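First up is the structure itself, then whatever we jot down about it.
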Amino acid sequence: MRKLISLTMMGVLAMGLGVGISGCSEESTAKKESTVSTPGGTSTVTEQTKIKQTGDNPPPPKAP
């Protein structure tokens, strides 16, 4: 009986780790790359923005 309980608990822990690691992150990134040509040559501008995703900011209420 103890082996069954410990095996079940190990399965639950393994599933929890699998869900936690698989992609439940709270940050994502947006990357924009632009190439500008000038008389002196070309220049590449890269903008990277981190977006924090939480459930703390619900959408605003609808106007009546």
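The numbers here are math on the coordinates, done by the rules we state, and not lab data. Fair warning: this is a prediction, and the values are worked out from it, not measured in the lab. Using ideal geometry, Cβ is built from the backbone for each residue, glycine included, and neighbour counts are taken over all protein chains shown.
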Taking neighbour counts of Cβ atoms within 10 Å as a proxy for exposure, in what order, fewest first, do K31, K62 appear?
K62, K31
Fully extended contour minus Cα-Cα distance, from E33 to A63, at 0.36 nm per residue
7.0 nm
